[in-house]
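Trainee: Structure provided below as structure tokens; questions to follow.
Quick note: the coordinates plus some simple rules give every number you see, no bench work behind them. Quick caveat, the model's predicted, so the values are computed rather than measured. In this analysis, Cβ positions are derived from the backbone assuming ideal geometry, glycine residues included, and neighbour counts consider all displayed protein chains.
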């Protein structure tokens, strides 16, 4: 939760209240973009995001894809090591073998 505190008034004639956000991003990352990265950033920004929002969103999406891919890889390894699953896979393939001859190339 963000801690938002009004900034002290510095001038009595000023009618605008300002808020200071205490909980800000914890780090800044700089990157040199190549042409492909520039084009990808432009696509994300065309959706109405600023550069920071586009980069943060892309990082979050990429991390989610990486986690899913890692989970799938782990599941494949688990199933490959499971003798019961291997036996069932072989049985299914053996049942399908007669139909393979009729399948168009």
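Trainee: Looking at region 31-98, what % of the alpha carbon pairs are farther apart than 18 Å?
Mentor: When every Cα pair of region 31-98 is considered, 61 percent fall beyond 18 Å.
Trainee: How far, in nm, would the chain grow between residue 72 and residue 31 when pulled straight, counting 0.36 nm per residue and subtracting the alpha carbon separation?
Mentor: Length gained, residue 72 through residue 31: 11.7 nm.
Trainee: So for 37, 26, fewest C-beta neighbours within 10 Å to most, what's the order?
Mentor: With the fewest neighbours first, 37, 26 line up as 26, 37.
Trainee: If I model a spin label as a point 7 Å beyond the Cα along the Cα-Cβ vector, how far apart are those points for residue 94 and residue 43 in nm?
Mentor: Taking the two extended label points, one gets 4.7 nm.
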